[in-house]
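Asks: Can you read through this structure? Questions will come right after.
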Amino acid sequence: METETGLPHRKWWTPYLFLAPGLLMVTLFSLWPFVNTVVLSLTDAQILRGGSFVGLDNYRRAFADPDFWVATGNSVLYLVVVVPCLVLLPLALAVLVQAKIPGIGFFRSAFYTPVIASAVVVGLIWQWVLRSDGLVNTVFQRLHLVSEPIPFLTDSTMLLVSAMIVTVWKGLGYYMVFYLAALGNVSATLHEAAAIDGAGPVRRFFSITVPQVKPMMLLVGTLSAISALRVFTEIYILGGESGGPGGGARTLPFLIRQVGLGFSGETGYASAISILLFLLTLVFSLLGRRLSKGDEP
């Protein structure tokens with residue numbers, strides 16, 4: 001059937017047919033698990049049995065649980081340390097590899113290689129590098145810089161710092177690509193005019209480059225903050241199933257796994273911690289969105 005304009009007539013539901021596969025996927029793998037997690041957080045459910053409604057008891061238990069506060073503190077500390085590094089270092093790296101000189105493509109690929117490597121493989125490599133008889137301690141001892149191995153993986157604080165280093169190292173190349181795209185939109189005319197006025201490279205960087213890529217810096221900050229709050233693999237590979245000595249390096253995702261794992265896993269309590277992690281992530285996401293809006297003219 002054709003309309004008066006000669007175009008084929010379409011039913012009102014035609015667009016929804018195209019949207020249906022995507023909506024179904026979002027509902028099954030995002031919306032429904034989230035709703036189910038909220039419901040489970042209000043019960044005392046375990047892995048092998050359904051639970052009964054307990055209201056907000058799981059949340060009250062979390063706020064009174066020392067392990068929860070240790071994990072929350074580690075997650076927030078992880079965010080505070082990692083995010084500035086992943087905002088500033090990839091920008092500096094992007095500026096360095098932006099130059100059009102022979103062989104620069106090799107360095108761009110080399111810096112991006114950790115991104116495509118498996119997180120497990122990266123963790124195992126760094127475990128070999130940082131363990132007591134690993135590369136770093138062996139070199140330091142041979143050079144007589146230390147008298148005994150540095151406890152990178154056997155001290156909770158050092159383990160957390162080591163995991164942060166791995167996260168930053170793996171994320172440098174990823175966010176470098178973001179900045180390379182942003183730097184490509186910076187007008188060369190501005191740099192030429194500033195150079196004529198006598199501005200040096202450092203002055204041009206802070207007066208021209210940084211203001212031009214500031215929206216991208218805010219985006220990188222938001223994405224890296226979300227990733228920092230979700231960190232798990234680095235802690236697990238470097239610190240083992242306990243999360244370091246006495247579990248002192250556990251983050252919130254690590255604690256969720258420990259609480260909900262096994263035949264006696266407390267699904268309800270783990271779900272409550274998951275919702276609290278979601279709310280914490282939401283706060284930082286909204287903060288990043290607020291900063292982005294404040295930066296708009």
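Asks: Please count how many residues of the stretch 141-160 are in a helix (DSSP H, G or I) and exposed (fewer than 15 other Cβ atoms within 10 Å of the Cβ).
Replies: Total satisfying the criteria: 2.
Asks: Please specify each residue of the stretch 230-252 satisfying the condition of being out of contact with any Gly (no Cβ under 9 Å at 6 or more places or on another chain), under 30 Å from residue 290 (Cβ atoms) and either modelled with pLDDT under 90 or buried (at least 21 other Cβ atoms within 10 Å of the Cβ) (or both).
Replies: Of everything in the stretch 230-252, those that are out of contact with any Gly (no Cβ under 9 Å at 6 or more places or on another chain), under 30 Å from residue 290 (Cβ atoms) and either modelled with pLDDT under 90 or buried (at least 21 other Cβ atoms within 10 Å of the Cβ) (or both) turn out to be 231, 252.
Table: residues versus (1) in contact (Cβ under 8 Å) with a residue 24 or more places away in the chain; (2) part of a helix (DSSP H, G or I); (3) not charged (D, E, K, R).
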{"residue": "269", "(1), (2), (3)": "yes, yes, yes"}
{"residue": "273", "(1), (2), (3)": "yes, yes, yes"}
{"residue": "282", "(1), (2), (3)": "no, yes, yes"}
{"residue": "285", "(1), (2), (3)": "yes, yes, yes"}
{"residue": "290", "(1), (2), (3)": "no, yes, no"}
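Asks: Just one of the numbered conditions (1) under 27 Å from residue 220 (Cβ atoms); (2) touching a Phe, Trp or Tyr at 6+ places or on another chain (Cβ under 8 Å) is not true of residue 282; which one?
Replies: (2)
Asks: Turning to a different aspect of this structure: Which one is modelled with the lowest pLDDT, of the residues in the stretch 253-274 that are closer than 21 Å to residue 39 by Cα and touching a Phe, Trp or Tyr at 6+ places or on another chain (Cβ under 8 Å)?
Replies: Ranking the candidates gives 260 first.
Asks: Is it true that residue 206 is closer than 30 Å to residue 99 by Cα and either surrounded by fewer than 20 Cβ atoms within 10 Å (Cβ to Cβ) or at pLDDT 90 or above (or both)?
Replies: Considered against the rule, which asks whether it is closer than 30 Å to residue 99 by Cα and either surrounded by fewer than 20 Cβ atoms within 10 Å (Cβ to Cβ) or at pLDDT 90 or above (or both), residue 206 comes out as yes.
Asks: Of the residues 242, 227, only one is touching a helix residue (DSSP H, G or I) at 6+ places or on another chain (Cβ under 9 Å) and over 17 Å from residue 172 (Cβ atoms); which? Let's see the steps before the verdict.
Replies: On the way: 227 fails: over 17 Å from residue 172 (Cβ atoms).
Sole residue among the options that is touching a helix residue (DSSP H, G or I) at 6+ places or on another chain (Cβ under 9 Å) and over 17 Å from residue 172 (Cβ atoms): 242.
Asks: List every residue pair whose Cβ atoms sit under 6 Å apart, with the two residues 6 or more apart in sequence or on different chains, where the first one lies in the stretch 162-180 and is in contact (Cβ under 8 Å) with a residue 40 or more places away in the chain and more than 19 Å from residue 234 (Cα to Cα) and the second, anywhere, is of a type in the set (Val, Ile, Thr) and assigned to a helix (DSSP H, G or I).
Replies: Going by the 6 Å Cβ cut-off, the qualifying pairs are 178/220.
Asks: Does residue 163 meet the test of being part of a helix (DSSP H, G or I) and surrounded by fewer than 20 Cβ atoms within 10 Å (Cβ to Cβ)?
Replies: Values: part of a helix (DSSP H, G or I): yes; surrounded by fewer than 20 Cβ atoms within 10 Å (Cβ to Cβ): no.
Taking the combined requirement at face value, the residue does not satisfy it.
Asks: Answer yes or no as to whether residue 146 is over 25 Å from residue 220 (Cα atoms) and either polar (S, T, N, Q) or free of Cβ contacts under 8 Å to residues at least 12 places away in the same chain (or both). Can you show your working first?
Replies: Values: over 25 Å from residue 220 (Cα atoms): yes; either polar (S, T, N, Q) or free of Cβ contacts under 8 Å to residues at least 12 places away in the same chain (or both): yes.
Against the criterion (over 25 Å from residue 220 (Cα atoms) and either polar (S, T, N, Q) or free of Cβ contacts under 8 Å to residues at least 12 places away in the same chain (or both)), residue 146 qualifies.
The values are calculated or read from the model by the stated rules, or taken from the named source; none is laboratory data. Please read all numbers here as calculations on a predicted model, not as lab measurements. Virtual Cβ from ideal backbone geometry, glycine too; neighbours counted across all protein chains shown.
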